[in-house]
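The values are calculated or read from the model by the stated rules, or taken from the named source; none is laboratory data. Values in this document were obtained by computation on a predicted structure and should not be read as measured data. Heads up, the Cβs are rebuilt from the backbone with ideal geometry, glycines too, and the neighbour counts pull from every protein chain shown.
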Amino acid sequence: MKETSLASELLRRESRSERKKRKKGKGKGDRSDQEEMARAGGISNPVNVGIAVQADWENREFISNISLNVRRLFEFLLQFEATTKSKLASLNEKLDVLERKLEVLEVQVSSATTNPSVFN
């Protein structure tokens, strides 16, 4: 509500100043540097400048939030990779031990089937 009244007040002030300039005979050559820069950027009044600045800040904040979340995601993925590699290495070692035990058992079973007298 206050933003709307502020915007309308700025528009009224601009209208008054434009009327005063016309009465005094001031033309386009007498504009202030800020007005010239605003008009060169396609912004015709202070309200539009304020809106543009606010939109710019919102865009920057959005980009900042996106960048922060991308960094967090990247850090999570790095940590996840390290943890996963560690767990897979541990499982691989356990699997190697189990494979060796299985080979020993296979040898024992094959020797028992070829020479049953060993177990009597």
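Taking the stretch 67-120 as the range and being among the acidic types (D, E) and within 45 Å of the chain's Cα centre (by Cα) as the test, the residues that pass are E75, E81, E93, D96. The listed residues are A112, A52, A40, and the only one of them that is surrounded by fewer than 10 Cβ atoms within 10 Å (Cβ to Cβ) and at pLDDT below 95 turns out to be A40.
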